[in-house]
1. Of all residues in region 111-134, which are surrounded by fewer than 19 Cβ atoms within 10 Å (Cβ to Cβ) and either on the phi > 0 side of the Ramachandran plot or modelled with pLDDT of 95 or more (or both)?
2. Report, by residue number, each residue of region 174-193 that is surrounded by fewer than 14 Cβ atoms within 10 Å (Cβ to Cβ) and either small (Gly, Ala, Ser) or within 16 Å of residue 129 (Cβ to Cβ) (or both).
3. Quick one: which strands (runs of 3 or more DSSP E) lie wholly within region 112-192 and hold at least 2 residues that are touching an Asp or Glu at 6+ places or on another chain (Cβ under 8 Å)?
4. What residue, of 190, 219, is at pLDDT 95 or above and among the basic types (Lys, Arg)?
5. Given the criterion surrounded by fewer than 17 Cβ atoms within 10 Å (Cβ to Cβ) and in contact with a Pro (Cβ under 6 Å, 6 or more places away or on another chain), identify the matching residue among 86, 56, 82, 68.
6. Conditions first: (1) without any contact (Cβ under 8 Å) to a residue 40 or more places away in the chain; (2) in a loop (DSSP other than H, G, I, E, B). Residue 201 passes all but one, so which condition is the exception?
Amino acid sequence: MCGNNMSAQLPAIVPAARKATAAIFFFFDLNERLHGWVETLSYIRTPHIKYICPHAQIRPVTINMNMAMPSWFDITCLSPEAEEDATGIKLAAETIKSLIDQEVKNGIPSHRIILGGFSQGGALALYTALTTQQKLGGVVALSCWLPLRNTFPQVAANSANKDIHVLQCHGEADPLVPLLFGSLTHEKLKSIINPANVSFKTYPDMMHSSCLKEMMDVKQFIEKQLPPID
């Protein structure tokens with residue numbers, strides 16, 4: 001696979017029911033197993049879109065007592081002031097950009113590709129979209145935050161996605177990635193891309209997980225940003 005921080009495992013794919021004219025990359029949280037989210041994506045899928053779920057490399061994660069687990073980058077602690085793994089975040093983003101390039105070579109233009117993810121995966125989706133020269137179709141950012149937020153808007157000034165549409169979703173009862181992280185991210189996003197294109201939806205009683213209402217909101221966003229073209 002492309003990049004040094006990918007595992008040798010091939011991505012899990014939910015294929016389009018007919019000819020794929022759009023794609024979604026969906027990135028999981030650290031130490032997550034693919035099965036649950038692949039099943040969820042299958043439930044909300046649209047016939048002309050294929051869903052690609054790459055595997056993160058197994059690495060020690062500081063916040064989890066240095067245990068080795070699938071992770072896109074290291075996390076030291078969950079705090080707005082925490083020191084971040086800048087090298088790991090940037091390397092993961094470059095890996096995703098390479099995967100997008102591969103999909104473009106396969107015939108799906110980048111503006112017909114959405115990046116999405118949950119928690120650490122959502123953080124990676126946001127960072128990648130705001131630092132790439134690939135014009136993308138949107139971002140779905142679930143229960144997450146914007147990594148390396150202090151380097152924006154300087155980095156984003158060179159991005160091809162200043163007008164990208166972003167759907168942010170967050171549980172109001174999230175004990176792991178507090179709603180405050182989502183709120184701060186929303187305010188930051190509105191300062192660096194077109195604020196009219198950033199939607200932030202919250203869900204009462206939802207913890208660090210998902211719910212049917214959130215998935216229906218995600219489905220509606222995807223269908224609006226990636227309509228059928230044939």
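The values are calculated or read from the model by the stated rules, or taken from the named source; none is laboratory data. Here the structure is a predicted model, which is why all the values come from computation and not from measurement. Don't worry about glycine lacking a Cβ; one is built from the backbone with ideal geometry, like all the others, and counts go over all protein chains shown.
1. 111 - this is the single residue of region 111-134 that is surrounded by fewer than 19 Cβ atoms within 10 Å (Cβ to Cβ) and either on the phi > 0 side of the Ramachandran plot or modelled with pLDDT of 95 or more (or both).
2. Result: 191, single match.
3. Numbers: elements: 113-118, 138-142, 166-171.
Hits in region 112-192: 113-118, 166-171.
4. 219
5. None of the other options fit; the residue is 68.
6. All conditions pass for residue 201, except number (2).
Matching residues to (1) of a type outside the set (S, T, N, Q); (2) farther than 26 Å from residue 211 by Cβ:
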position: 41; (1), (2): yes, no
position: 44; (1), (2): yes, no
position: 76; (1), (2): no, yes
position: 109; (1), (2): yes, yes
